[in-house]
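Read-outs: derived from the displayed coordinates by stated rules, not from any lab. Everything quoted here is computed from the prediction, not taken from an experiment.
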Amino acid sequence: MSMSTRLLAPALLATLLSAPAFAQTTAHSGHDMSQMNHETMMSDRAEHMIEATGIIDRIDMSGRGVSLSHNAIPAIRWPAMTMMFPVGDNVNLNDLQKGQRVQFTLHRAEDGSLPLVELCPTVSETVIAGLCAPRMNHGEPGRHGMKP
């Protein structure tokens, strides 16, 4: 084996072995996500997130609930009706008002429950897919959606 081969082989081996470690420790926050397929991400979201629109009838701040007169929700075979929805701490109720048109998202949980997980104002009677979802570009929520 020549002298250059004896020196080159360990250097090449060290480079190859260090690549996975470097990849694991490199921060990914600076990556350009503009080429990601957000449609696929939204269709994955659509399988367990049900979006609908309605009008706020009442807001129970202390009980963390919202009474909504909502349109029919075909995905779960619900007719148009008025009902109280419990909302988690991740939903901001502070800027919402009685009589306001909103879009909301129910999460189809493994236990079959449908908690309200996103809520935001809208002017549309029809659902705008992903309107209340956390923003993909900055991890920021929709106006009244989930916190990152």
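Just a few scattered comments:
- When its C-alpha radius of gyration is set against 2.2 N^0.38 Å (N residues), segment 38-121 gives a value of 1.07.
- A straight chain from N90 to A109 at 0.36 nm per residue would run longer than the Cα-Cα distance by 5.2 nm.
- Contour minus Cα-Cα distance for H48 and R77 (0.36 nm per residue): 9.0 nm
- Residues whose amide H falls under 5 Å from that of T122, counting only those 5 or more places apart or on a different chain, are R101, V102, Q103, with hydrogens built in the peptide plane.
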